[in-house]
1. Does the stretch 68-89 contain any residue that is touching a residue at least 12 places away in the same chain (Cβ under 8 Å), away from the ligand (no atom under 16 Å from the Cβ), in a strand (DSSP E or B) and not small (Gly, Ala, Ser)?
2. Would you confirm whether or not the stretch 12-26 contains a residue that is charged (D, E, K, R), away from the ligand (no atom under 15 Å from the Cβ) and at pLDDT below 95?
3. Restrict the check to the stretch 109-123 and report whether at least one residue is of a type in the set (D, E, K, R), touching a Phe, Trp or Tyr at 6+ places or on another chain (Cβ under 6 Å) and away from the ligand (no atom under 16 Å from the Cβ).
4. Test of understanding: among LEU53, LEU23, LEU61, which residue is surrounded by fewer than 23 Cβ atoms within 10 Å (Cβ to Cβ) and of a type in the set (A, V, I, L, M, F, W, C)?
5. Look at ASP271 and say whether it is in a loop (DSSP other than H, G, I, E, B), modelled with pLDDT of 95 or more and either charged (D, E, K, R) or closer than 16 Å to PRO358 by Cα (or both).
6. State which residue is surrounded by the most Cβ atoms within 10 Å (Cβ to Cβ) when the search covers only the stretch 134-185 and only residues that are in a strand (DSSP E or B) and away from the ligand (no atom under 16 Å from the Cβ).
7. What number of residues within the stretch 26-36 are touching a residue at least 12 places away in the same chain (Cβ under 8 Å) and surrounded by fewer than 17 Cβ atoms within 10 Å (Cβ to Cβ)?
8. Identify, from the list PHE34, PHE42, PHE48, the residue that is part of a loop (DSSP other than H, G, I, E, B) and within 30 Å of HIS178 (Cα to Cα).
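The values are calculated or read from the model by the stated rules, or taken from the named source; none is laboratory data. Nothing here was measured: the structure is a model prediction, and the numbers come from that model. Cβ placement follows ideal geometry from the backbone for every residue including glycine, while neighbour counts extend to all protein chains displayed.
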Amino acid sequence: MNTIPFNKTYYTGEEIDFISETLKIGKTSGNGKFSKLCQEFFEKKYGFGKTLLTTSCTDALEICAMLAEVGPGDEVIIPSYTFVSSALPFIRQGATVVFADSYDHNPNIDADKIEELITEKTKAIVVVHYAGIACNMDKVMEIANKHGLVVIEDAAQAIDSYYSSKNGSRKPLGSIGHLAAFSFHETKNIVSGEGGLLAVNDEKYFRRSEILWEKGTNRAEFFRGAVNKYGWVDTGSSFLASDVTAAYLWAQLQKLDEIQQKRKEIWEAYDKELRSLENLQVELPELPDYAMQNGHLYYIVAKSLEHRTDIINRLKEAGISSAFHYLSLHKSEFYKDKYRGADLHNADKFTDCLLRLPLFYEMTMEDVKRIVSSGGFNK
Ligand SMILES: *Cc1c(COP(=O)(O)O)cnc(C)c1O
């Protein structure tokens, strides 16, 4: 019996050709040919105001925290059920993180409970589109506008996901908040080993984003011919991805539609197979009317930690790997002694009970059937 891994990176085959091309051109540092091609692609396809390729999503979020100018004495609202990178850049800026709970049946930030967390010190809200499933962005933007807050979308998992607004418009995730960050880590839909993208939607941040990205210099403006010399003008770091990384990403982007279609088919197959089980004992992903997901990941929610362990073990016996993740950040070793807020029951529930099933491009429908029949999801 063959085993089914949790994830397997898909290579289109063209990566090596584009990477060779950067070596031949002889410009492998950042902001080169392939970086520009990728950035133009994202701006055109998704309507982001301005994009910058970064070495990771974490780095893109670092730039967001700097652009939002949060510091000591400021508060930033962030869901607790997320990866550390959603919070870390704000903590490094010296801001206080205020952790928010998830919905009862959806790991995303509960938009109805955001307003009660706002104080005079609140400066920003970070939303995380878990599994590429949109947060309630109409509500989040309404609250943010009312209180004058910056909205940052951690769209690490959300490339090519959409949000259907109350006014009927369909918007790509990452194009709604003032700022957004995507990941091309090898576990995401579109990959470059490590890699990320900053999307800047509010024009007021365009110039400064480029400076922070280029080590606090106005070098990008200089290369565009907008100024005749460049120098040190601000803070920042070396956040640019190398053009080798960009060449890798460019190969993946040529196959974006195929990759997305296949992943969505696998997601749909899981959903259909699981929903047709009699006596189903686990919760399945809840897709709000406003959310169009991107096949990033399929998860189930067990009834308890023990129940989840039983499922993991049954899958393991059948040669199938699964994965859980995110210990609520307010309970992490780093943060638990600093946490002063209320209990976050839903974040705790997803910490104990959520399980991710394998989902990767080369999976077959037979694999999905085998996983669904091996997990004992109705036990
Ligand atoms: C993967 C991920 C990140 C981090 O992305 P990197 O590119 O590895 O920095 C951040 N937030 C979420 C929600 C993620 O899933």
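1. Checking the stretch 68-89: at least one residue is touching a residue at least 12 places away in the same chain (Cβ under 8 Å), away from the ligand (no atom under 16 Å from the Cβ), in a strand (DSSP E or B) and not small (Gly, Ala, Ser).
2. No, the stretch 12-26 has no match at all.
3. Within the stretch 109-123, one or more residues are of a type in the set (D, E, K, R), touching a Phe, Trp or Tyr at 6+ places or on another chain (Cβ under 6 Å) and away from the ligand (no atom under 16 Å from the Cβ).
4. Among LEU53, LEU23, LEU61, only LEU23 is surrounded by fewer than 23 Cβ atoms within 10 Å (Cβ to Cβ) and of a type in the set (A, V, I, L, M, F, W, C).
5. No, not satisfied.
6. TYR163
7. 4
8. Step by step, each of PHE34, PHE42, PHE48 is checked, and only PHE48 is part of a loop (DSSP other than H, G, I, E, B) and within 30 Å of HIS178 (Cα to Cα).
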